[in-house]
Amino acid sequence: MATRRATATRSRAVTIIVVVWLLIGLAAAAQRHYFESSRTSCAKVGTVLVTIVAGPLNYIGANPKIDCSTPQPSR
């Protein structure tokens, strides 16, 4: 059975890994100049969020893009 100290150490390590992961993702989004444009859209916000969450995957060639389209009215 895990002790409180081991559990606390594990949760602290996971927290640090997640924070570093998201900081790398934020750096990837900044390098792609996603924060420079004042125009926002559903697709742009989605792309920025996916880029931040994908984090380090961007540096091995992943290029997340979100295609966000609204449904068209029926005729």
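Points worth noting:
- Failed item, numbered, when V20 is tested on (1) part of a loop (DSSP other than H, G, I, E, B); (2) under 13 Å from the mean Cα position of the chain (by Cα): (1)
Residues are listed down the side, and each one gets a yes or a no for (1) small (G, A, S); (2) within 27 Å of V20 (Cα to Cα); (3) within 14 Å of the chain's Cα centre (by Cα):
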site: C42; (1), (2), (3): no, yes, no
site: V53; (1), (2), (3): no, yes, yes
site: L57; (1), (2), (3): no, yes, yes
site: N63; (1), (2), (3): no, yes, yes
site: C68; (1), (2), (3): no, no, no
site: P71; (1), (2), (3): no, no, no
site: S74; (1), (2), (3): yes, no, no
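Residue by residue, here is whether (1) in a loop (DSSP other than H, G, I, E, B); (2) surrounded by 10 or more Cβ atoms within 10 Å (Cβ to Cβ); (3) polar (S, T, N, Q) holds:
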| site | (1), (2), (3) |
| --- | --- |
| T9 | no, yes, yes |
| R12 | no, yes, no |
| A29 | no, yes, no |
| R39 | yes, no, no |
| L49 | no, yes, no |
| A54 | no, yes, no |
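- Criterion violated by N58 - all others in (1) open to solvent by 80 Å² or more (accessible area, probe 1.4 Å); (2) polar (S, T, N, Q); (3) assigned to a helix (DSSP H, G or I) satisfied: (1)
The values are calculated or read from the model by the stated rules, or taken from the named source; none is laboratory data. Note that the structure is predicted; figures quoted are calculated from it, not measured. Every residue, glycine among them, receives a Cβ derived from its backbone with ideal geometry; neighbour counts consider all protein chains shown. For accessibility, only protein heavy atoms count, side chains too; no ligands or nucleic acids. Shrake-Rupley method; radii C 1.70, N 1.55, O 1.52, S 1.80 Å.
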